[in-house]
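K.L.:
Pasting a structure below so you can have a look.
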Amino acid sequence: MSEEVIHEHPMTNSHVLVQEFDYLEPGSLEEAILLLSKYGDRAQVMAGGTNMLVWMKMEQKSPEYVINIGKLPGLEGVAFRDGRLDIGALTKIRAVRNAPEIQTDYTALADACAAFGSTQIQLVGTIGGNLCNGSPASDTVPPLVAFDAQLALAGPDGERMVSVEEFLVRPGKVALQKGELLTSVQLQRPQPGTGSAFVKVSRVAADLAKVSVAAVLVREGDLIADCRLAFGSVGSTVLRAREAEAMLIGKTSSSELALEAGRAASEEITPIDDVRSTAWYRREVVKAITHDVLQVAWERAGEQRGRGTEETRKQGDKETRRQGEIRNTRYATRGTEHEIQLTVNGVQRRLKVKPNELLLNVLRERLELTGSKYGCGIGECGACTVQLDGQPALSCLVLAIAADGSEVLTVEGLQGSDGELDPLQEAFIEHNAFQCGYCTPGMLMMTKNLLSENPSPTEDEIRDHLKGNRCRCTGYTSIVRAVMSCADPQAAEK
Ligand SMILES: Cc1cc2nc3c(=O)[nH]c(=O)nc-3n(C[C@H](O)[C@H](O)[C@H](O)COP(=O)(O)OP(=O)(O)OC[C@H]3O[C@@H](n4cnc5c(N)ncnc54)[C@H](O)[C@@H]3O)c2cc1C
Ligand code: FES
Ligand code: FES
């Protein structure tokens, strides 16, 4: 197993990505494995980059080679295959959340994806990255442990399967060997009478868990025939509470039994005091959320749920693995400029960028499109949100070189060619939905996207969509009001 080296440095400046690296974009899984084997610990894989680019900006990781696997074919999608649900490692959290198979048969996993800190992170972060970062606070991991997920790892010696529990070693450390990549997450089809749920407690909606729990149980009449409980953020990895599980299995479900299981679980976990919570609070909260998660899973187990259809996810590159040559990798050397093409607000732009240049800086400093704002630089405020190929993206966490060939829409592009403001911009003015205006471009880009997907959102849906966008002065009431004024009442009636 390769050991992860974390370099401790104070963050210098989150506006820019100071360190230099060679950028590699392999065209196939086979080439990605060859590159990883070749460069070993000097390389880091990047999928969505929501962890990687933050670690690099904070100078906690300093890879010499960044291998962007985000565009590899065949590793994205959710489908039943050979009687199991197969989730490609590059599947975005938002796509997992919205997959009908997951909503019906693996509801705890859909809950966990919905609980993710921000819409922008859900749209870019992958399930593979959430597992491979090795964090005990990763939201998808408790449900994956509770469902006993199996992980497919591809490496120089072929493919091997490990259970998710074997995969988690300790904080920041997973059981990937040299040259290995996670390619898919596989879940057994749940037996009839299965229900599941996930509960997360965090400081604010847009935050990592203080504590989280997933329950998967099988209901037979009034009896709990089987049960698995997995807890996040209360130990060095996600933990099962086996004594609490044993206490539940074979018993008649009741609120008292669920409370008893919560008390047992609070003794089994091994929490610590840290910046997000205290060990004492975590133990207390586990008693309550274990009760709640069991009650919801029990109710869901009683509902008639649909079953996903059998389908094969294309794995076009699987057969071509290990042919031994690197032919289809884009290679951009550190410190030198490489040509990219972007269509920004409908205009084609050719630019030369270094591998460590960020899209936000290119937009603001090269193209003088200063509408997108620099706030935190680490994905937490949403001020830099643009649309990339039609989806919101945090431009402070996008390498410009990785966006080559994309269409970018910034707040400047919302105006019509005659200079007329977009109706949403007019609504923000009419409802006084800004004071200093710093967050406004990000708010507009997010709500424009929401209204295109959901023309008549509820207040809760607007607030959920905007949970990754921070406003420091206006408050959210007038922003929500402005968005609601643009909702289509006819769509709501349908
Ligand atoms: C503002 C913000 C809010 C966040 N909120 C949450 C939250 O609420 N809940 C939560 O759980 N997480 C949260 N995260 C963390 C992060 O977004 C998720 O863990 C996300 O799923 C990571 O996926 P990614 O594709 O971006 O990973 P990357 O950053 O690309 O990679 C993460 C790690 O996994 C490795 N890796 C990625 N894919 C593979 C693969 N297929 N094979 C081998 N190694 C791989 C990379 O080398 C790296 O070490 C948040 C992050 C930010 C910046
Ligand atoms: S500047 Fe990008 S999220 Fe804050
Ligand atoms: S209007 Fe000032 S930060 Fe939102």
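Taken together, the values in this text are just the output of simple stated rules run on the coordinates, not laboratory data. Nothing here was measured: the structure is a model prediction, and the numbers come from that model. Here the Cβ is made from the backbone with ideal geometry for all residues, glycine too, and neighbour counts use every protein chain on show.
K.L.:
Lys/Arg Cβ at +1, Asp/Glu Cβ at -1, dipole of the chain taken about the Cα centre: which of PRO171, VAL234, LEU351 is farthest positive-ward?
P.N.:
PRO171
K.L.:
Mind giving me the FRET efficiency for THR336 and ILE429? R0 is 41 Å, r the Cβ-Cβ distance, nearest 0.05 is fine.
P.N.:
Approximately 0.35, to the nearest 0.05.
K.L.:
Placing unit charges on C-beta atoms (Lys and Arg positive, Asp and Glu negative, everything else neutral), compute the dipole magnitude of the chain about its Cα centre in debye, rounded to 20.
P.N.:
540 debye
K.L.:
Now for a separate question. Hey, with R₀ at 25 Å, roughly what FRET efficiency would ALA225 and GLU166 work out to, going by the Cβ-Cβ distance, to 0.05?
P.N.:
For R0 = 25 Å, the calculated efficiency reads 0.45.
K.L.:
Quick one: which of 192-203, 343-354, 470-481 comes out on top by average Cβ neighbours within 10 Å, and what's the full order, highest first?
P.N.:
192-203, 470-481, 343-354
K.L.:
In nm, to one decimal, how far is the GLU20 label point from the ASN328 one, both placed 7 Å along Cα→Cβ?
P.N.:
Here the modelled spin labels are 3.1 nm apart.
K.L.:
Taking 7 Å along the Cα-to-C-beta vector as the label spot, tell me the THR270-ARG189 distance in nanometres, rounded to one decimal.
P.N.:
Result: 3.8 nm between the two label points.
K.L.:
Further, regarding this structure: Using the beta-carbon distance between ARG463 and GLN391 and R0 = 22 Å, what value does 1/(1 + (r/R0)^6) give for FRET efficiency, to the nearest 0.05?
P.N.:
0.65
K.L.:
Tell me, in nm to one decimal, what length is gained between MET58 and SER254 on full extension, where the rule is 0.36 nm per residue of separation less the Cα-Cα distance?
P.N.:
Gain on extension, MET58 to SER254, equals 65.8 nm.
K.L.:
Using 0.36 nm per residue, how much length does the chain from ALA246 to GLU420 gain when fully extended, once their Cα-Cα distance is taken away?
P.N.:
56.1 nm
K.L.:
Placing unit charges on C-beta atoms (Lys and Arg positive, Asp and Glu negative, everything else neutral), compute the dipole magnitude of region 78-301 about its Cα centre in debye, rounded to 20.
P.N.:
Charge dipole of region 78-301: 520 debye, to the nearest 20.
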